[in-house]
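Notes follow once the structure below has been shown.
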Amino acid sequence: MTTRRLSELLREPTTRRTFITRTSALAVAIPMIDAVLDACAPGSKGDQAAAREPASQKAPPTPQNPDSRLDTSLHVPSRGAPIMAPTNIALQRYDPALPPVAPGRTKQVHMTIREVPIRITADTVVAGWTFDGTIPGPIVHVRQGDTVEFTLTNDGSIPHSMDFHASRLDPKTAFRSVLPGQSISYTFQPRYAGAFLYHCGTAPVLMHIGSGMFGAIIVDPPTPLPAAREFVLVQNEFYLATPANGIAAFDYTRMLATQPDFVAFNGGPGQYQADPIRVRRGARVRFYVLSAGPTHPCAFHIVGEQFDTVYLGAPPENAIHGVQTFNVAAGGGMIFEFVADIPGEFPFVNHAFGHGQKGAIGMLLVEA
Ligand SMILES: [Cu+2]
């Protein structure tokens with residue numbers, strides 16, 4: 001497949017065209033998009049070329065650390081699935097529950113990049129760039145020292161990539177951009193436990209994270225933390241252009257201005273006020289809180305409660321106790337926990353309320 005300019009993509013007589021035309025404000029919003037495509041074009045400089053060739057035809061890249069292996073494979077997925085009209089796109093609650101760790105010490109993780117419209121509120125549909133069709137992407141749960149065999153398939157229309165903050169790899173090789181219709185694979189072993197972000201790292205990163213390309217990888221320590229009800233909250237900001245045909249494109253200029261329209265936990269402004277997180281009285285509750293940004297941190301706080309423990313990183317190390325609020329940096333993740341021994345309705349908030357009020361407020365119900 002050859003690289004095409006966005007203007008050519010807009011002329012494609014496919015269902016993909018419908019989606020891109022509806023969101024063509026992107027072409028205006030990202031003046032450098034063609035430069036991004038040129039950077040990945042055949043004959044261009046840079047290691048993106050590796051993504052277009054079978055791994056067997058290339059000398060394997062030199063690992064930068066002994067725990068990890070790098071390789072590249074070609075994969076041509078079926079593409080061109082029909083795009084739904086925005087009125088048919090339902091508002092879906094993102095399940096915040098941490099999924100269990102799969103058995104075995106080798107975890108195979110495969111994500112597919114999809115450019116799909118997503119309803120984030122009752123009256124707002126955005127032109128999402130996603131990992132596996134949701135904002136955030138799926139929660140990945142592994143243990144420290146597991147071997148993660150990761151494959152990324154780009155079913156989108158422009159180059160994308162994957163940067164796992166839980167890995168230690170040469171980013172120019174492992175996190176390089178993958179052309180539409182192709183895949184990349186790499187392997188890593190998380191060195192530290194904790195709550196780590198993953199995101200698309202293709203330039204401009206601001207645009208790719210800002211359009212929905214992020215998620216959480218939770219790494220358990222070798223000795224498990226105390227039993228708890230465990231939830232993952234990834235905060236992000238939405239910067240939207242005026243909707244066209246019911247779908248709002250993301251606005252790069254407004255991302256640069258850093259004044260978001262919405263701030264959300266798990267991609268849905270206010271979604272856990274409408275449908276709270278519920279626990280039983282007496283349960284230990286553990287929140288893995290991350291900020292995807294793309295720019296702002298999250299001053300995490302639970303109204304009416306205190307955290308007995310906050311792990312700043314590498315749990316069970318680096319714990320602090322008796323905490324009211326702690327700032328989770330953009331691109332960072334921390335672990336907040338307490339025993340829910342008081343029944344009631346406890347709002348969990350970004351206590352930077354100029355952002356909390358834009359959607360980063362949820363409700364925890366402690367039921368007797
Ligand atoms: Cu991307």
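Quick notes on this one:
- Extension gain for residue 168-residue 122 works out to 12.6 nm (0.36 nm per residue, less the C-alpha to C-alpha distance).
- Centre separation in Å (Cα based) which lies between segment 294-366 and segment 154-229: 23 Å
- For the pair residue 368 and residue 85, the difference between a 0.36 nm per residue extended length and the Cα-Cα distance amounts to 97.6 nm.
- Set of segment 308-329 residues, backbone N closer than 12 Å to the point 7 Å along the Cα-Cβ line of residue 341: 308
- Taking other C-beta atoms within 10 angstrom as a stand-in for reagent exposure, 114, 280 fall in the order 280, 114, fewest first.
- Computed 3J(HN,Hα) for segment 105-122, one whole-Hz value per residue from the Karplus formula 6.51 cos²θ - 1.76 cosθ + 1.60 where θ = phi - 60°, is 9, 10, 10, 9, 10, 10, 10, 10, 7, 10, 9, 9, x, 9, 7, 9, 9, 4, glycine and proline marked x.
- Of the GluC sites (Glu not before Pro) found in segment 274-366, none is in coil by DSSP with at most 11 other Cβ atoms within 10 Å of its Cβ.
- Pairwise FRET efficiency - residue 223 versus residue 256, Cβ, R0 = 56 Å, nearest 0.05: 0.80
- Between residue 92 and residue 320, the modelled labels are 3.7 nm apart [label points 7 Å from Cα along Cα→Cβ].
- Taking amide H positions as modeled 1.01 Å from N, with prolines and chain starts lacking one, the residues under 5 Å from residue 284 and 5 or more places away or on another chain are 229, 340.
- Shape of segment 261-367 from the C-alpha gyration tensor: oblate (a/c of 1.5 or more and a/b not above b/c, with a ≥ b ≥ c the square roots of its eigenvalues).
- Listed from fewest to most Cβ neighbours within 10 Å, the set 363, 207, 213 follows the order 363, 207, 213.
- About the centre of its Cα atoms, segment 261-367 shows a dipole size close to 100 debye [charges on the beta carbon of Lys, Arg (+1) and Asp, Glu (-1) only; nearest 20 debye].
- The residue 245 and residue 303 beta-carbon pair, evaluated with R₀ = 41 Å, returns a calculated FRET efficiency of approximately 0.55.
- Exposure proxy order (Cβ contacts within 10 Å, fewest to most) of 251, 170, 132: 132, 170, 251
Read the figures in this text as sums done on the coordinates, not as results from a lab. Everything quoted here is computed from the prediction, not taken from an experiment. For neighbour counting, all protein chains shown are included, and Cβ atoms are generated from backbone atoms with ideal geometry for every residue, glycine included.
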